[in-house]
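See below for the structure under consideration.
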Amino acid sequence: MEIETLSVTNSIVEYLRGKIIIGELPGGQRLNENQLAPKLGISRPPMREAFRILEHEHVIVSIPRKGVYIKELSINDCQEVYQMREMLECFAVDLLKAQNISSLPEVSSALTSESGLLIPPDDDQDQRLKYLKIFADFHIKMVEAPGNNRLDYFYKSIQSTLYRYQFMYLSLPGAGPHSFEEHHHILNLITAGAYDEAKKSLKAHIDRMFELLVSKMKEDKVKG
């Protein structure tokens, strides 16, 4: 029974997380367990546990006497997430340098998977999410490469929120091809043992994405 409950909870988390990332459940919207539980055909306990997990991932927030709400995206939040992202990913490169690791088969495999992929159309949000996860896997595998469990833990703690901003990034012109070229360049530098140059390129890659996201959010705010 406990294993079944855990399986149900994980399914709910995956479902809600996906809907939040693609914006089908937008920031600021209230999540009512009394409405969601019967809609999804589940009992309330696994729904509450799913909420607890998503709150730990910082994609929803529980407000006493008010309810559970999807966390709003903002320029300030984006800046905090991208500062943390840059720190963790660049530290991963430092660890690779310290351990003299230049062969990254998992990272190379992730790069191969994203090669030649085209961003799915706007009206196919689920496929766009799958596409995003393939591209993001390059960064995930690079962070995992040094084998530092604490580093992995902290990176995973921002992953769901990072996905939300990365999904927004997909709507920008040339997002996919540009990112692939930069990924390829970063991996080549690490493979050649040019760790400092790789870290510099990685930082520029992350900073470029952040600046484009801020510009888009400012533009959307004006339009709104």
Apart from one, (1) outside the structural domain of residue 142 (by TED's automatic domain parsing); (2) basic (Lys, Arg); (3) part of a helix (DSSP H, G or I) all hold for residue 65; the odd one out is (3)
So which residues in segment 4-38 are within 15 Å of residue 127 (Cα to Cα) and either outside any helix (DSSP H, G or I) or over 21 Å from the mean Cα position of the chain (by Cα) (or both)? 22, 23, 24
Just checking, does segment 96-106 include any residue being in the same structural domain as residue 200 (by TED's automatic domain parsing), of a type in the set (Lys, Arg) and over 24 Å from residue 200 (Cβ atoms)? no
Could you say which residue among 116, 147 is under 24 Å from residue 188 (Cα atoms) and at pLDDT below 95? 116
Just one of (1) under 16 Å from the mean Cα position of the chain (by Cα); (2) closer than 30 Å to residue 187 by Cα; (3) outside any helix (DSSP H, G or I) trips up residue 58, so point out which. (2)
State the number of residues belonging to segment 28-45 that are over 14 Å from residue 9 (Cα atoms) and touching a strand residue (DSSP E or B) at 6+ places or on another chain (Cβ under 9 Å). 5
Scan 121, 173 and give me the residue that is surrounded by fewer than 15 Cβ atoms within 10 Å (Cβ to Cβ), modelled with pLDDT under 95, assigned by TED's automatic domain parsing to the domain that holds residue 79 and within 20 Å of residue 207 (Cβ to Cβ). 173
Do any residues in segment 121-150 that are more than 13 Å from residue 89 (Cα to Cα) have Cβ atoms under 9 Å from those of residues that are surrounded by fewer than 18 Cβ atoms within 10 Å (Cβ to Cβ) and among the acidic types (Asp, Glu), where the two are at least six apart or on different chains, and which pairs are they? 125/24; 128/122
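Residues checked against (1) touching a helix residue (DSSP H, G or I) at 6+ places or on another chain (Cβ under 9 Å); (2) at negative phi:
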position: 11; (1), (2): yes, yes
position: 17; (1), (2): yes, yes
position: 27; (1), (2): yes, yes
position: 32; (1), (2): no, yes
position: 58; (1), (2): yes, no
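The values are calculated or read from the model by the stated rules, or taken from the named source; none is laboratory data. This structure is a prediction, so every number in the text was calculated from the model and none was measured. Using ideal geometry, Cβ is built from the backbone for each residue, glycine included, and neighbour counts are taken over all protein chains shown.
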